[in-house]
1. Only residues that are loosely packed, with under 10 Cβ neighbours inside 10 Å and not β-branched (V, I, T): list them for the stretch 73-82, please.
2. Identify all residues within the stretch 28-61 that are loosely packed, with under 10 Cβ neighbours inside 10 Å and hydroxyl-bearing (S, T, Y); write none if there are none.
3. Is one or more of the residues making up the stretch 62-72 assigned to a loop (DSSP other than H, G, I, E, B), exposed (fewer than 10 other Cβ atoms within 10 Å of the Cβ), among the hydrophobic types (A, V, I, L, M, F, W, C) and free of Cβ contacts under 8 Å to residues at least 60 places away in the same chain?
Amino acid sequence: MAALGRLSHALLRSPATRNRRHLSAAAAGGHGEQTARTWKILTFVVALPGVAVCMLNMYLKEQNHSHEMPEFVPYSHLRIRSKRFPWGDGNHSLFHNSHLNALPDGYEGHDD
């Protein structure tokens, strides 16, 4: 029994075991800090300027966009109402926009 105790004690003091413990402790301490720093730098250098460029692009495109109502063309295959919608007056879709979505007979409040 004493020999088993000495053998286990010798194995615990072996250089391979000490190096393994040292490497795992080093990996746990420094790796997370460096990763967090990298993502923080990427956020400020890549992500935030990317969002700013996208917002500027959207703003400039909106400035050049015309806000006129498109011309109504009564195509026979569009705006078919074979059954009334179950809400409202039955003629307007659920997400109806009176400026952009025409009814079967034309735009609302727009007389030609």
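Taken together, the values in this text are just the output of simple stated rules run on the coordinates, not laboratory data. All values reported here derive from a predicted model rather than from experimental measurement. Heads up, the Cβs are rebuilt from the backbone with ideal geometry, glycines too, and the neighbour counts pull from every protein chain shown.
1. Initially, the stretch 73-82 is screened for residues loosely packed, with under 10 Cβ neighbours inside 10 Å, giving 73, 75-78, 80, 82.
Those that are loosely packed, with under 10 Cβ neighbours inside 10 Å and not β-branched (V, I, T): Y75, S76, H77, L78, S82.
2. Hit for the stretch 28-61 is Y59, nothing else.
3. In the first step, residues of the stretch 62-72 are kept if they are assigned to a loop (DSSP other than H, G, I, E, B); the result is 65-72.
Next, only the ones that are exposed (fewer than 10 other Cβ atoms within 10 Å of the Cβ) stay: 65-68, 71.
Next, only the ones that are among the hydrophobic types (A, V, I, L, M, F, W, C) stay: none.
Checking the stretch 62-72: not a single residue is assigned to a loop (DSSP other than H, G, I, E, B), exposed (fewer than 10 other Cβ atoms within 10 Å of the Cβ), among the hydrophobic types (A, V, I, L, M, F, W, C) and free of Cβ contacts under 8 Å to residues at least 60 places away in the same chain.
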